[in-house]
1. Would a scan of the stretch 158-179 turn up a residue that is part of a loop (DSSP other than H, G, I, E, B) and open to solvent by 40 Å² or more (accessible area, probe 1.4 Å)?
2. Among the candidates 189, 124, single out the residue that is in contact with a helix residue (DSSP H, G or I) (Cβ under 7 Å, 6 or more places away or on another chain), open to solvent by less than 80 Å² (accessible area, probe 1.4 Å) and closer than 26 Å to residue 65 by Cα.
3. For residues that are open to solvent by 20 Å² or more (accessible area, probe 1.4 Å) and of a type in the set (Phe, Trp, Tyr), scanning just the stretch 91-121, find the one that is modelled with the lowest pLDDT.
4. Take the conditions in a loop (DSSP other than H, G, I, E, B) and in contact (Cβ under 8 Å) with a residue 60 or more places away in the chain and apply them to residue 63. Does it pass?
5. Please specify each residue of the stretch 12-66 satisfying the condition of being over 21 Å from the mean Cα position of the chain (by Cα) and among the basic types (Lys, Arg).
6. What about residue 148, is it of a type outside the set (A, V, I, L, M), more than 24 Å from residue 72 (Cβ to Cβ) and either outside any loop (DSSP other than H, G, I, E, B) or open to solvent by 80 Å² or more (accessible area, probe 1.4 Å) (or both)?
7. Please tell me if residue 246 is within 16 Å of the chain's Cα centre (by Cα), open to solvent by less than 60 Å² (accessible area, probe 1.4 Å), modelled with pLDDT under 80 and closer than 18 Å to residue 20 by Cα.
8. State whether the residues of the stretch 252-271 include one that is closer than 20 Å to residue 103 by Cα, modelled with pLDDT under 80, open to solvent by 40 Å² or more (accessible area, probe 1.4 Å) and assigned to a helix (DSSP H, G or I).
Amino acid sequence: MFRGYFFAALAAAAYGTNPAFAVPLYEDGMNPNTVLFFRYILGLPFLALLMLIRKIDFRLKRDEVFAVSVLGILMALSSLTLFESYQYINSGIASTLLFIYPILVALIMIVFHHEKVKVSLILCLAIMVAGLLLLMQPNGETGINSYGFLLVMVSALTYAFYIVLVNVNKKISRIPTTKLLFYVLLFGCGVFIFKIVAGTPITLPQVNFGWFNLVALALIPTVLSLASTSIAIHLIGPTPTAIFGALEPVTAVVLSMVFLHQSITGQEIVGGLLIIVATTIVVGSKSVDKFILHVRKMFPKGGVRTETQENGK
């Protein structure tokens, strides 16, 4: 059990290192498109090695290619908009805003797959809105950069569609996780290549340490996070693993403050915590809904149950 929680925490913390490696590369003169192109390309050999160790077949079936290519485009667009947002807003705040994606997943499932609206979802939406309002208007002054905020919202939405497609498409569900991510990165490279062909320049690190950051991006928030997530799900299940995902924005905020010297206000911290709470509620919605139902039974429409009523007198 402890090993499962450890790997769940490791997976979330590893993914939260994205800005710590990406932002110094921007300061070194690289642009987000090139950073992500190298991140995806350098991640492929690590994933290929994992597939060889696990003896996973590299071949894709003909009817799987289109669905996986769509996933690759969605993942690349989500990565690109998130990494672009680091240029406009605090990278820790951006990572926290991205964490609304489980709520967006729930809303997409309601709109497109006609799932029932749960009380827990309404509750977490209210909490999320409160958190967003605090983040968008820190200290009652100028507020968060609107373009950076929009980029993160697009990132969260495209990632939410990615998650939904992975969960509802039967062709995708039969593909091993490592193999799926390998081809997601491979097809995702097409988005960055398209931008390069369209005129976005290729920028290279000006110092050797920049190459370390690129390799670290490919290894830590990509391969290590994936491997740890798979182990955690196997040991403790998907819901506890997802709840531990709250460490992603926490890690990003801490690393942004320590290594990138980005400041964060008390109001922004409260706003970020509200978003994390809202997301945790929607991830653990089954338990939350059971608790709410239990409370409602204790307090019927006629008022608070008295001891006499409890005894049937």
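The values are calculated or read from the model by the stated rules, or taken from the named source; none is laboratory data. This one's a predicted model, so the numbers in the text were calculated from it and none came from an experiment. A quick note on method: Cβ atoms are made from the backbone with ideal geometry, for glycine too, and the neighbour counts reach across all protein chains shown. Only protein heavy atoms, including side chains, enter the accessible area calculation; ligands, DNA and RNA are left aside. Shrake-Rupley method; radii C 1.70, N 1.55, O 1.52, S 1.80 Å.
1. Within the stretch 158-179 (the criterion being part of a loop (DSSP other than H, G, I, E, B) and open to solvent by 40 Å² or more (accessible area, probe 1.4 Å)), the answer is yes, since at least one residue qualifies.
2. 189
3. The residue in question is 112.
4. For residue 63, the condition - in a loop (DSSP other than H, G, I, E, B) and in contact (Cβ under 8 Å) with a residue 60 or more places away in the chain - is not met.
5. Result: 54, 55, 59, 61, 62.
6. So residue 148 fits the description; yes.
7. Considered against the rule, which asks whether it is within 16 Å of the chain's Cα centre (by Cα), open to solvent by less than 60 Å² (accessible area, probe 1.4 Å), modelled with pLDDT under 80 and closer than 18 Å to residue 20 by Cα, residue 246 comes out as yes.
8. No, because not a single residue in the stretch 252-271 is closer than 20 Å to residue 103 by Cα, modelled with pLDDT under 80, open to solvent by 40 Å² or more (accessible area, probe 1.4 Å) and assigned to a helix (DSSP H, G or I).
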